[in-house]
Amino acid sequence: MTLSGSALFVTLTLLLSPTKCAVFENVTLSLSTGWRKLLSSERPPTKIVFIESSDSLGEYVNLHPLEYVTIADQKIPELKENSLANLPNKNGVYITSSEVTKIEPGTFKNVPRLDRVHLDGNRIEEIEDGVFTNLQLRKLYLRNNKISKLGLAAFSNMTRLEDINLTYNKLSTWSSDWFSGTPVASVYIAHNLIEELPADVFAYMFPFKRISGEISIWNFIISNNRLKKVHTDAFRNVNHFGSLSLSNNSLENLSPKVFHSVETINHLHLNSNLLSNIDGLFYSIYIYNLHLDDNRLSCFPSGVFNASDIHRVSINRNPLTCDCVHYWKDQQERSIQLRFNFVYDKEKCVNI
């Protein structure tokens, strides 16, 4: 009886004990190279590798000279410390749609040539400090995850980072401290839950201004969030924007001084908000394309072009008055440089 009880206890213990799985269990990956190194008539060489069970990618991929590692539609719940370490000749790692929920600090070590990391379409909820800190990536893509929390310095000291894409996540706040020591000039953070932009959105760039003399942000895309407020000094010390998109938010007004330090914006998207008054907003600024469609504007300020250089304005689907329509149609006929796009109620404004 005692022996049977002991045997039963051992059996139950084995059944209830958690099974420790390796990071890469029954995972298929592909290795490839960059197109630019090949003649246009050649097909890029690829290598398919199967990993039965391992905690480290290096021992399977370092035997091959191909620079890019792609893992897609696999099951890798967690990237643990050192799991993507010791990849001396790899330029890119793509782990997409593979059910990753967590990345441990120290996952990436000894990756001197790693240039880009794509972790799109996973289930990552948090990026802790130490996951990407000090990595010399140029491009980091974290689209279509469930990220709601970032460490205080999640992307700090990434001195070569050019683009970061956090689109389609669950971030509700913005902090410049995330990028301390990182001169990233293209940030894509559309389709999140951010309600407010604080002062000095790009404070992380201030130390670099002492070197270059100016701050240029190539892309800041924060469309399709829940923005209700943009601080007067949100863009302080920024001189140039390539593309700035605040579209598809809930902005009712913007401070006339919000673009005070900005000299040029190639593409400014303010469409699909609740703006009813933009008087004084554009002063002494160059804008090539200004998008104001789908707001609550009754007219576009007539004095803007006396103080600023704006080439193209799109103001479709606003409740424009007939006097406004008449004025801007007349102005457009007089200027070959001005491109003013608007749709108006032709039945209401019948004589225009």
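Derivation of every value follows stated rules applied to the coordinates shown; laboratory data play no part. This structure is a prediction, so every number in the text was calculated from the model and none was measured. Cβ: placed from backbone, ideal geometry, glycine included. Neighbour counts: every protein chain shown.
Please build a GNM for the chain, connecting alpha carbons under 10 Å apart, and tell me which residue among Q331, Q74, Q136 fluctuates the most.
Q331
In whole percent, what relative contact order does the chain give with Cα contacts below 8 Å and a gap of six or more residues?
Across the chain, relative contact order equals 7 percent.
In deg cm²/dmol, rounded to 500, what helix-only [θ] at 222 nm does the chain give when every DSSP H run of at least 4 residues adds -39500 (n - 2.57) and the total is split over its residues?
Dividing the helical sum by the residues of the chain leaves -3500 deg cm²/dmol.
Of all the C-alpha pairs in region 68-134, what % are more than 20 Å from each other?
20 percent
Count the net charge of all other residues whose Cβ sits under 11 Å from the Cβ of H260, scoring Lys and Arg as +1 and Asp and Glu as -1.
0
Would you pull out the residues with amide H under 5 Å of A234's amide H, same chain only if 5 or more places away, H placed 1.01 Å from N?
The answer is D200.
Please pull out the direction-averaged projected area of region 132-277, using the convex hull of its alpha-carbon atoms, in nm² to one decimal place.
7.8 nm²
Could you work out the equivalent-ellipsoid semi-axes for region 79-341, taking the square root of 5 times each eigenvalue of the Cα gyration tensor, largest first, in whole Å?
Semi-axes from the Cα gyration tensor: 39, 19, 15 Å.
Note down the net charge around S175, summing +1 for each Lys or Arg and -1 for each Asp or Glu among other residues with Cβ under 12 Å from its Cβ.
-2
Can you put L63, L171 in order, fewest other beta carbons within 10 Å first?
Least crowded to most crowded, the residues run L63, L171.
In terms of modelled amide H atoms, which long-range or inter-chain residues lie less than 5 Å from the amide H of D309?
When sequence neighbours closer than 5 places are left aside, the close amide H contacts are I285, Y286, I287.
Starting at 0 and stepping by 5 Å, how many percent of the alpha carbon pairs of region 77-202 end up in each bin?
2, 11, 21, 28, 22, 11, 4, 1, 0
Over the chain, with a Gaussian network built from C-alpha contacts below 10 Å, which listed residue (L320, L161, L270) shows the highest mean-square fluctuation?
Result for the chain, Cα springs under 10 Å: L320 fluctuates most.
Exceeding 21 Å between C-alpha atoms, which entries from my cross-link table qualify? They are K149/K209; K109/K149; K80/K146.
Over 21 Å apart, Cα to Cα: K149/K209; K109/K149.
Give me the Kirkwood hydrodynamic radius of region 234-351 in Å, from all C-alpha pairs, to one decimal place?
14.6 Å
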